[in-house]
Amino acid sequence: MIALALALFQRSVTPVTALPKAAPAKEIGPADVLLGSVGLIGALVLLALVAGLAVGGLFILRRRAEERRASADEPEATQLKLSEPPSRTG
């Protein structure tokens, strides 16, 4: 009975860990927020510009390829127009 009473009063020991003090957080001002947003917008504009140029280049290459295929079907002849009717100039 005494052993049971002693077991109830015993507590488990939890180790205490001391954490090092962290450095204070850097304050963020309005200028920092403004510079960050301008940088983000600049990166997005640059990305959109590169993507637009790439897609535009693909459209141009596709159109040129279609023109080459269409001109390959036509005979390559030059009309010199040597037999035009004489002009009536007085």
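No value in this document is a laboratory result; all are computed from the given coordinates. None of these values were measured; they are calculated from a predicted model. Glycine also receives a Cβ, built like all others from the backbone with ideal geometry; neighbour counts cover every protein chain displayed.
Between R88 and R68, the FRET efficiency from the beta-carbon distance, with R0 = 35 Å, is close to 0.25. Counted by neighbouring Cβ atoms within 10 Å, the residues L61, L82 run from fewest to most as L82, L61.
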